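Student: Okay, handing you the structure first.
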Amino acid sequence: MKHKKTSLETTVDGNENNNQQPQIYAKDSLDRFGDDLFAIILSYLTIEDSFAYECVSKQFQRTVFDGVVNITLSDRFIREITKGMIIQTQLLATIAIKLSNIQTIDLRGITSASVEHIPEVLNTFRDNCRHLREIYSDLISPQGIQWIRPLVTRMSITTYWMSSVAKQSLIHCHRLSQLRVKYLSAVVDTTNGQLLAKNLSHFDFSHNSGLLSAFVAQNLCLKSLVARDIFDTDDTLNKQSQQLSQLTQLRQLTLHLYLTSRDNSLNDFLRTIGLNCKQLKRLSLEIMSSGRAPLNSQSFESLGCYRGLTRLHLTLMTLDIMVNVTELLEPLTLCHRLTHLTLDIKPFQSNEYFLINCDKHWPRLQYLFINSIHISRECLAHISRLPALNTLIIQYYMAQQMKHKKTSLETTDEGNEDNRQQPQIYAKDSLDRFGDDMFSIILSYLTIEDSFAYECVSKQFQRTVFDSVVDITLNDRFICKISKTISIDTQLLATIAIKLSNIQTIDCRGINTAYEEQIPELLNTFRDNCRHLREIHSDSPQVVQWIRPLVRRMSINTVSISSVAKQSLIHCHRLSQLRVKYLSYVFDTTSGQLLAKNLHQFDFSYNNNDNNGLLSAFVAHNLSLKTRSHLYTHIPFTDTLATGSALVIVLKLSITAKHLLFISFRSNHFRGK
């Protein structure tokens, strides 16, 4: 079947009624949606899939690359475009021309094995991508990225050692805003101690107390900081807090702390930062505490100073089995603006006392993650009262396995005006903002198995994924999937039939004789739940009595056929397409009555035992063969007289039906059509 899109257009020649008419599309045609919508949908494809699906239609060709603004180059990409050890220039140029909207190139997936190809690749993209603005790279050697240094905005240097030349190249990356290094010494010149990275917005490093003060002085504009491997030795925490508190523009702070001293000053350390960094919105604390470094309710008491904190991630590993988690986490109740809270504490057994009145302490909390050995019913009862919570993840920490559970909690209107469910607001690029009609069209391209697999994606998928499933093919594999040992799982079959309530056509021709006894139960279940059922294609209509009036297509390929099976053809009064082994199958054995009449398509083999009287009788009652229907006959040239008579009858049918029939000749001497 081919779908055609028609555009009705007329020109204005002075006649008022002859104005240009709008284009008319089929109701289920994707062409009725504009290029802007297509560009959004296709932007979710990977770059590889974009090239694969480019040939679907002209609209795909126009829009499939519009949303590709970022590209990640890796060793695999280099291997794909190289032949031997040389890059295929024409192929690379074709890719760059099609991806002309590229704004950001990420090179951090390219290792030293492919670094020699970077200049040629980047030169090609630079020449064809006029919107190129940013480059992310881990390679700062002069031969790797000479000319692109002014474009580099993100860099990750994870090597343990860097040469002086490599360090000096950081000075030329004057747009560098995000940097990750193994040690802080990587951004300091070895000879003169000059700081090479200034005015960063994001920095990730491992602690080095001697150089942190100079770095902070030149990077007061930092918005995000990740500081690793901070130990509480020699009054380190106090010094660090004084230096970090100078970063008053911080929005996000991640600290990895190792507490080994009994007299650790964790509370003072956090208080100094909280009082000075008033714009801090996200705080992540990963703390490892030995048995000698006790933690108590005062350890996090200073969290009340973080007035603007909206996201808190607390990871705590302690060897102190006597720690009182309820007292330890009590200060978290002072963070009333939290929207996201993660508690990953080992060991941690959730206590319901900690969650009492949590709905009042965290009225804005939307996301809650808890890693716990045990969650009691009382804990869940308290959590369910959180008015804004929509995602709850409980991770059970076990010795050998981890189990994740994700729950969506929705509030109900209980008369409280403040507790009413707010209307949903979708992001600009969210597919949820499009209606169910469009989703039904898109999801109609899924197989039935995929429809059941993707049903759980969203509520919109649940409403629309089965709407367009109007045809189903039943085969041996389907029966095996819904069977328990030798009997069908009735409940599972009923569930499938209920979900596929729009089924109009059932094709049973894929069910072999081994599972023929299961057909009645299958079809009865679909009949009871599918009110739109109109057609059934079957090879064994005698098995189920009630389906015969619905049978439209049949294929009988058995070597022999019983009289009872032949007689069942009379009751298939809507039968239009029939395929049999021999022509005698459609004639009653005793009376010689023709059992199949007014067919649109017929396929049979002409047997020597079939006399021309059978063919003549068949032709006389089947002059209704339509256009695009075929009469396939395989006539062996063993009896010239019989063959000639048969051809006369067939040609008579062709002339009478006024349509060309396709006849296949088979002979030992020649083959022809």
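Student: Using a Förster radius of 41 Å, what is the FRET efficiency between residue 45 and residue 195 based on their Cβ-Cβ separation? Nearest 0.05, please. Intermediate results must be reported in sequence, preceding the final value.
Tutor: Numbers: r = 43 Å, r/R0 = 1.05.
Working from the Cβ atoms, E equals 0.40.
Student: Using a basic spin-label model with each label point 7 Å from the Cα along Cα→Cβ, how many nm lie between residue 301 and residue 390?
Tutor: Reported label-point gap for residue 301 and residue 390 is 3.8 nm.
Student: Calculate, for residue 85 and residue 226, the FRET efficiency according to 1/(1 + (r/R0)^6) with r their C-beta to C-beta distance and R0 51 Å; round to the nearest 0.05.
Tutor: Working: r = 39 Å, r/R0 = 0.76.
After rounding to 0.05, the efficiency reads 0.85.
Student: Just to be sure I understand the model, the point goes 7 Å from the Cα along the line to the Cβ. What's the resulting residue 174 to residue 70 distance in nm?
Tutor: My value for the distance between the label points is 2.7 nm.
Student: Oh, and also: If the only charges are +1 at each Lys and Arg Cβ and -1 at each Asp and Glu Cβ, what is the size of the charge dipole of the stretch 470-575 around the Cα centre, to the nearest 20 debye? It would help to have the intermediate numbers written out before the result.
Tutor: Values: 13 positive and 10 negative charges, 61 e Å.
Here the size comes out at about 300 debye.
Student: What FRET efficiency do you get for residue 476 and residue 532 if R0 is 35 Å and r is their Cβ-Cβ distance, rounded to the nearest 0.05?
Tutor: Here the calculated transfer efficiency is 0.85.
Student: Can you tell me the relative contact order of the stretch 470-575? Whole percent, Cα pairs under 8 Å, sequence separation 6 or more. Intermediate results must be reported in sequence, preceding the final value.
Tutor: Details: 149 pairs, mean separation 26.2, N = 106.
Relative contact order of the stretch 470-575: 25 percent.
Student: Tell me the Rg and the Dmax, in Å, that the Cα atoms of the stretch 470-575 produce.
Tutor: Over the stretch 470-575's Cα set, Rg and Dmax evaluate to 13.5, 39 Å.
Student: Then there is this: Give the order of 288, 85 when sorted by the count of other beta carbons within 10 angstrom, beginning with the fewest. Each step should come with its number before you reach the end.
Tutor: Working: 288 15, 85 7.
Lowest count first: 85, 288.
Student: Here's something else I'd like to know. Once both labels are modelled 7 Å past Cα along the beta-carbon direction, what's the residue 37-residue 507 spacing in nm?
Tutor: Going from the residue 37 label point to the residue 507 one covers 3.0 nm.
Bear in mind these aren't lab numbers, they're just calculated from the coordinates by the rules spelled out. Keep in mind that this is a model prediction, so the values were computed, not measured. For neighbour counting, all protein chains shown are included, and Cβ atoms are generated from backbone atoms with ideal geometry for every residue, glycine included.
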